[in-house]
Amino acid sequence: MKKIFYYLCMLLIITALTSLSACASGPVKPGKTGAVVPDADNAGLKLPAGFGALKVADGLSKPRHIAVSPQGDLFVKLNGKLSAGKGVLRLHDTKGDGKPDETTGFGNYTGTGITIKNGYLYASSDQEVFRYKLNDKGEVIDGSEQKIITGLINRHQHESKSVVLDDAGNIYVNIGAYSNSCQENDRVTGSKGRMPCPILDSAGGIWQFKADKLNQTYGDGVRYATGLRNVVGLDWNKQANKLFVMQHGRDDLHSLFPAFYTDQDNAEKPAETMYALNKGDNAGWPYIYYDPATNKKMLAPEYGGDGKKEGGKDAIDPAIAFPAHMAPNALLFYTGNMFPAKYKNGAFIAFHGSWNRAPLPQEGYFVVFVPFENGKPTGKWEVFADGFAEKGDALTPRNAAHRPTGLAQGPDGSLYVSDDQKGTIYRIIYTGK
């Protein structure tokens, strides 16, 4: 009897300890990174030690920006052909292995911008911005589509409308300049710049609108910042409570003004620039460009510059400058807890890749990281994820295997990267191995 009593007591203790352990750890939920395994080849990517990657989607129709719901569903903005008549896809993982196996869609337009904020999904075409109400499962509620901004200019050059929201009910929209440098004859050798540049009235900057007001037009918005040739990547920095943007710098210094610039100048100037914006800021386009060699604002040749004259006394300085022509297409401030501490609140930037750095090799086609602290950069940028293009010195946009264009953070802290060349979506996780 004593032995039976002893074994019964031990059984009760083991059962109790097991229950306590289960309560402490909680149930394993589908989609958590504990169930997600990197591809054997890390999806072809080169990553820092301890990181892994997997392809979660492939063959999509030119996916641009992406967003992930609090429930872990991936939303993708298409800019190629519509998929079954839909321009926004929702990719849902039913198995918990990190690879979505259920696809639905909505919205009958293509475009670039997409973001999620306060229970709404926002998506843009090249002229309009829409929002959709999400239910408690992170699904778009049927019939909830609302057009909040309309009539934005689209001249089929720098036409994409990227969007982001602040924490005060405002949405910010890039309206790119439909020009290289506001010449009288665009991209014609020796053509002078128009003064003042009329494009800046309705493009070449960031406009601010209300996130919940329907059918807004230019008259309802505020030109929040100007002098920005084209911003595809932008994000709201919560530490600084400020909008940060990545500008695509101008092209063709040598081919348009060969008396002042060499082929080498054309390849290395001007810088791609990150700006921290306040309301009313002017970044100086088209009158100036930023020289990464001298770290100075230079007067554009269309407006009397010769490669030596400085300009833009009233224009803001960039927060960071990057090599020329790499095409920054997405910016994301990392707030997750999965990655090591050095990445917390830092900036990830997806560089789409250059086409006009000849005679030098083309550059970009990777994701970089910039450390930040208290809303300010604190160190040099470094390549975080490479191997998208797979071509080396012979690289061109046409023969690049993949081109990074969108970034999103999952609720578990993983990082998603979209590619609009082959339609691939990558997920990068930290394994510590």
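Remarks
- Answer label for Rg and Dmax of the Cα atoms in Å (calculated), chosen among (i) 24.0, 104; (ii) 24.8, 87; (iii) 25.7, 88: (i)
- Within the straight-line cut-off of under 27 Å between alpha carbons, the lysines reachable from Lys297 are Lys161, Lys192, Lys242, Lys269, Lys279, Lys308, Lys309, Lys313, Lys376, Lys380, sequence neighbours fewer than 8 places apart in one chain being disregarded.
- As a proxy for reagent exposure, ranking Lys62, Lys210, Lys376 by other Cβ atoms within 10 Å from fewest up yields Lys376, Lys210, Lys62.
- Panel order for Glu268, Glu102, by other beta carbons found within 10 Å of each beta carbon, from fewest to most: Glu102, Glu268.
- The stretch 40-430, relative contact order [Cα under 8 Å, separation at least 6], %: 15
- Compared with the dominant principal axis of the Cα atoms in the chain, helix 2-25 is inclined by about 10°.
- The ranking of Thr94, Thr405, Thr262 by Cβ neighbour count inside 10 Å, starting from the fewest, reads Thr94, Thr262, Thr405.
- The 3J(HN,Hα) values that the Karplus relation (6.51, -1.76, 1.60; θ = phi - 60°) gives for the stretch 335-344 are, in residue order, 10, x, 10, 6, 6, x, 4, 4, 8, 4 Hz. Gly and Pro appear as x.
- Amide H contacts of Gly96 (H built 1.01 Å from N, under 5 Å, at least 5 apart or other chain): Gly31
- Debye, to nearest 20: dipole size of the stretch 96-175, +1 on Lys, Arg Cβ, -1 on Asp, Glu Cβ: 280
- Charge dipole of the stretch 89-201 about the Cα centre (unit charges at C-beta), most positive-ward option of Val188, Gly113, Tyr172: Val188
Just so you know, all these numbers are worked out from the coordinates, no wet-lab data involved. These numbers come from a predicted model, not from an experiment. Backbone-built Cβ (ideal geometry, glycine too); neighbour counts: all protein chains shown.
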